[in-house]
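Q: Have a look at the structure that comes next, please.
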Amino acid sequence: MWLRPEEVLLKNALKLWVTEKSNDYFVLQRRRGYGEDSGGLTGLLVGTLDTVLDSTAKVAPFRILHQTPDSQVYWSVACGERDEISQHWDWLQQNIIRTLSVFDSGEDITSFVQGKIRGLIAEEGKSAGDEEDPERFREAVLRFERLFGLPQREKLVTYFSCSYWRGRVPNQGWIYLSTNFLCFYSYMLGNEVKLMYPWDEVSRLERTSSVLLAESIRVCVRGEDHYFSMLLRLQQTYLIMQQLAEYAIVRFFDKETFNAEHPLANPLHIMQKCVSFIPLALEIHARNQSFRSFFRLPQEENLCEVHESFLWVPFSHVNTLGKICVSENYLCFASQDGSQCHLIIPLWEVRILLIFLQATKNVMVKTSALEKKQHDEEGVMVGQSQAVSTEALMNVFHPHDAENLDPKMLKERMKEQSWQIHFAEYGRGSGMFCTKKTRDLIVRGVPETLRGELWMLFSGAVHDMTSHPGYYGRLLEECMGSSSLACDEIERDLHRSLPEHPAFQSDTGISALRRVLTAYAHRNPKIGYCQAMNILTSVLLLYAKEEEAFWLLVAVCERMLPDYFNRRIIGALVDQAVFEELIREHLTQLTEHMTDLSFFSSVSLSWFLTLFISVLPIESAVNVVDCFFYDGIKAILQLGLAVLDYNMDNLLCCHDDAEAVTVLNRFFDSVTNKDSPLPATVQQASATANDKSIQKVDISDLIKESYEKYGNIRTEEVENMRKRNKLYVIQTLEDTTKQNVLRVVAQDVKFSAAQLDELYMLFKRQHFVSCYWSVCSPALQNHDPSLPYLDQYQLDQSQFSSLFNLLQPWTTHTHVRSLARSAFRLLDANGDGLVNFKEFICGLGKRTIEKSVVFCPSGRAKVDLQEYLKQWQEDLQRREENIKDLPRINQVQFIGLTKTLYGVFHGTEEEESLYRAVARVTSLLLRMEEVGRKLQESSLQKTPQTTPTSTPQPETSPTLPTSPENETLAEGEGDQPESPASPQETAPSHSDITPTSTSRPSTPTSSPTGTSSPVLDTPTDTPSSPSAVRDGNWSFSFEQILASLLNEPSVVRFFERAVDTDSLIAHACKNQLKALPALSIK
């Protein structure tokens, strides 16, 4: 059968195949162990390997590989039994071999072969159908749910048979790819291997090869590498894994670029689809992204049809082989024969469509450019409330002088004539043929008068502006005059944008820059305004009209440089990682000299963010921008490599980073544009411009050299490297956040570094776990990367309760919900309904503040009242820091507290003694209450009713040292939720015993039996009557309860007992997903 072409690296592969037939382009191989040598030792060995490595996917005995003479890479195109493979080989000989002889390069041959094979597979798929067996998939789903214990809301995307490698030992099993998890299970010879990792924890995902493994998929999770290999469908598996990991990363960590239309964005929508919906939807989504990216089309465009075809090229009078792609509004063509020809035809410009039915179908499309009406009046667009400039600033401040016979102007006219000839031959506007000749003209430099037009065309901004007429004007009406943080930042940076240029020394340029930046911030509030946007926009305004500059900015920020202009400049960091990879690949000498390439990342950040505008003079930088709009980020990467290559010798002599920075700065100062027609007042001459001892470098020569040396870098390779490095960059940023948080928290707790790391991951996973199966999760709304490190991840009460119950060291009891709820309210200091990691971790393991403890277990110890009062005063001053101002608890709450204590103590070794201790504490508190009630009634009876009465205010013990567990217990209650106590509930019938009272303290004494009698002073005036006191509800303060509990040695020992933190953390990690509450999909 025909196979979807996949790379096969034979250089390091085991010698498992024998070549039977070969020619210049194809190889027919037989698997060792089949045919003539099937009975030998080699055959037995290969058969054993096939059984161990992949017991379910049978290996075909024959295969056909595609190769080119100048490449070490082979592509598998077919496999099967001898009869079937012979038919495929004959077909290739008759239909393909002759055609391949007309191609010039190996890449063109490979592209053609791949297209043909994919076409054959598509035709076979239409006739035979390639639907997954629903019954088998349902069985796999049930097996997946049973093995990994995930909720039914977690949907399995696909599954494959594969081997998981532990060192050199393969574990044959199944890999399950679900919407949020990567899972693997294997059970062989009593050895069970079970893996389950969330996609949002994957930091590396790539295809690799080694001496032992021809090809495998490497997955890095939290610094640990995992290798998966399979004989079939490796590329398909890798692509699905890449899409799932990228979606999770963007959804959870990079919300500024999150696409709500992603096929996995709606879990409810997934549940209603058939089993094959998700892989198909992911493939369509990836195909649409590639289509829009290659042709620079608006985000609304989706690929409808793709067909292999020939395009008649009028300027060369030949048919060019390629693919025709049709979307809702565009008809596009891209060649595959090495001519690098592509064409975009807006369907609204199509006037005639003729179809000729001959031996082959021929279609003729005739287009005409739209008639564009412009109404200009003194360079200002009318009909809008905001005056919008309709002239490029360069035309206003440096108008073109047709009579100037300066040599530079003569060269400029020659460039214009070259482009006019190109337009006459290849077309102009949206329907222009873009070929190698177009790139050559771009490399030489674009004329000043055509720069704005060509920028609009090559960037695709012309399509955006055409499909959204009047959009910019409406944006200005909505946003101008409004006030926001972005507007304030824009105003601050307006006068820092090319301040040397005359255009931005006047109100005309400043006003246009303000309008464009403000309109874009209003259009895309997720990005708003980011530094470097002002520099780029100011250059766009020099050569494009104001509305055109706006759409160019849209194209750059949202399509050509994704994720660049956000709070964490993730896109720029990703491209810097790509740049490092290219340095290792192309500049090996520099790599050997500088083992740490992070220096180049820090130096090159401004190169990527400003497209070299910040390091080169404006007359040279615009040539770089020309290439960027034609070739995208590939042009910037090529130029960066050329800069380092040009300065290779000087960089190798540098001893530190400072010397290297000096070398590069001197180089950029020496770059000039000898053909620039701009006057001296506009050019940004460097300080060394007049220094003849410094060798000058022309920007055109530098760009030409970059294309000659590094032009073989393909855009597809760059995009794959971007995807691969994006996971690593975002996880690196997350690790930085984690380290900053742990560094702050470690000062306040006694946990080890490893324990803190595990607890942080538990906390973070708990933050995201409710996002897995919910469309509008509050956790995603609580996550904001712009917040301080401590507040980026926060838990609400439900999330906190689930995690708290996993980590609490006591036996599970009936009052666990109320205990967790009370602990949450205690830790939520600001009352916002959220707890950050510091608050959470301090609640688990706060350092004990050393204080003297008044503890009289035998009743014979004496108390120093002076020291007692001194300590009490100090405690009152630190009240806000140490103990939350807790309300008094009423009867119902006190009963709930007692039940909670009984539940906590249940099942412990000292359960009986602890129960008796709770009984003694309860008895003591009730007796104290009764005594206070009687004293109050007595004092009220002695006071005349017609005069103000005195309120007895006996005092309790001072605040004693507390532990987090005791603080939590103080909030304990019954099963019903606690509501704020009403005045009737909190008003005691006896004297109000609080630390703010102003009477002499009482000294409780304990008897051997556990009872005690507090000595109370004579109370002062109160407005209460005896009847009111008699009917009132009694209550207790936190200090009363705590002092009574600390008088029980068994209780103190219980809460001071050392806890095996590692076991609790391991238990929580294992059961975190199983302990999820029943979340509904919203």
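Q: Could you run the Karplus curve 6.51 cos²θ - 1.76 cosθ + 1.60 with θ = phi - 60° over region 157-170 and give me ³J(HN,Hα) per residue in whole Hz, x for Gly and Pro?
A: Result, rounded to whole Hz: 8, 6, 8, 9, 7, 7, 10, 9, 9, 10, x, 9, 9, x.
Q: How high is the FRET efficiency between residue 744 and residue 483 when r is their beta carbon distance and R₀ equals 30 Å, given to the nearest 0.05?
A: Efficiency for this residue pair is about 0.30.
Q: Gain in length, residue 410 to residue 704, computed as 0.36 nm per residue apart minus the alpha-carbon separation, to one decimal in nm?
A: Result: 103.7 nm gained on full extension.
Q: Name the residues whose placed amide hydrogens come within less than 5 Å of the amide hydrogen of residue 331, ignoring near sequence neighbours (fewer than 5 apart) on the same chain.
A: Sorted by chain and number, the residues that satisfy this are 345, 347.
Q: What FRET efficiency do you get for residue 425 and residue 720 if R0 is 51 Å and r is their Cβ-Cβ distance, rounded to the nearest 0.05?
A: Taking R0 as 51 Å, the efficiency between residue 425 and residue 720 is 0.90.
Q: Given 415/704; 436/709; 411/674; 155/726, which pairs have Cα atoms separated by over 20 Å?
A: Flagged as over cut-off: 155/726.
Q: Tell me the accessible surface of residue 468 in square angstrom (1.4 angstrom probe, heavy atoms of protein chains only), to the nearest ten.
A: Residue 468 has an accessible surface of roughly 50 Å² with all protein chains in place.
Q: Report residue 1063's accessible area, 1.4 Å probe, all protein chains in place, as a number in Å² to the nearest 10.
A: That residue has around 60 Å² of solvent-accessible surface.
Q: Spin-label point model (7 Å from Cα, Cβ direction): what's the residue 169 to residue 98 distance in nm?
A: Simple spin-label model gives 5.8 nm for this pair.
Q: Also, I was wondering about something else. How much length is gained if the chain between residue 474 and residue 593 is pulled fully straight, taking 0.36 nm per residue apart and subtracting their Cα-Cα distance, in nm to one decimal?
A: 37.3 nm
Q: Count charges around residue 480 for me, please; just the other residues with Cβ under 14 Å from its Cβ, Lys/Arg as +1, Asp/Glu as -1.
A: 0
Q: Measure off 7 Å from each Cα along the Cα-to-Cβ vector at residue 142 and residue 910, then give the distance between these two points in nanometres to one decimal.
A: 5.2 nm
Q: Continuing with the same structure: Please list 929, 717, 224, 585 in order of solvent-accessible area, largest first, computed with a 1.4 Å probe with all protein chains present.
A: Sorted by accessible area, descending: 585, 224, 717, 929.
Q: Right, next: Per residue of region 410-419, in order, report the coupling 6.51 cos²θ - 1.76 cosθ + 1.60 (Karplus, θ = phi - 60°) as ³J(HN,Hα) in whole Hz, putting x for Gly and Pro.
A: Karplus values, whole Hz, x for Gly and Pro: 5, 5, 5, 5, 5, 4, 4, 5, 4, 5.
Q: What order do 631, 90 take when sorted by accessible area (1.4 Å probe), most exposed first?
A: So the residues, ranked largest to smallest area, are 90, 631.
Q: Moving to a separate point now. Counting other Cβ atoms within 10 Å, keep those with at most 10, restrict to DSSP loop, and tell me which chymotrypsin sites (Phe, Trp or Tyr not before Pro) in region 187-248 are left.
A: Taking region 187-248 and a limit of 10 other Cβ atoms within 10 Å, no loop chymotrypsin sites (Phe, Trp or Tyr not before Pro) are found.
Q: For residue 309, list long-range residues whose amide hydrogen, built 1.01 Å from N in the peptide plane, is under 5 Å from its own amide hydrogen.
A: For residue 309, the qualifying residues are 322, 323, 324.
Q: Now a separate question. How big is region 172-212 in terms of Cα radius of gyration and Dmax, in angstroms?
A: Answer for region 172-212, Rg first and Dmax second: 12.6, 33 Å.
Q: Something else: I'd like the accessible area for residue 1057, computed on protein heavy atoms only with a 1.4 Å probe and all protein chains in place. Round to 10 Å², please.
A: Accessible area of residue 1057: about 110 Å².
Q: What distance in nm separates the simple spin-label points at residue 602 and residue 287, each placed 7 Å from Cα in the Cβ direction?
A: 4.7 nm
Q: Quote to one decimal, in nm, the extra length available between residue 491 and residue 930 on full extension: 0.36 nm per residue of separation minus the C-alpha distance between them.
A: 151.0 nm
Q: Next question, about the same structure. What list of ³J(HN,Hα) values in whole Hz, one per residue of region 171-185 in order, does the Karplus curve 6.51 cos²θ - 1.76 cosθ + 1.60 (θ = phi - 60°) give from phi, with Gly and Pro shown as x?
A: For region 171-185, the Karplus curve yields 10, 6, x, 10, 9, 10, 10, 10, 5, 10, 9, 9, 10, 9, 9 Hz.
Q: Something else now. May I ask you to rank 419, 75 by accessible area, largest first, using a 1.4 Å probe over the protein chains only?
A: Correct descending sequence by accessible area is 75, 419.
Q: What number comes out for the charge environment of residue 908, summing +1 per Lys or Arg and -1 per Asp or Glu over other residues with Cβ under 11 Å away?
A: Local charge sum for residue 908: -2.
Q: Moving on. For region 426-516, what is the convex hull volume of the alpha-carbon atoms per residue, in Å³?
A: 142 Å³
The values are calculated or read from the model by the stated rules, or taken from the named source; none is laboratory data. Worth saying up front: this structure is predicted, and the values here are computed from it rather than measured. Ideal geometry is used to build each Cβ from the backbone, glycine not excepted, and the neighbour counts take in all protein chains shown. Quick note on the areas: whole protein, heavy atoms, side chains included, nothing else; ligands and nucleic acids left out. Shrake-Rupley method; radii C 1.70, N 1.55, O 1.52, S 1.80 Å.
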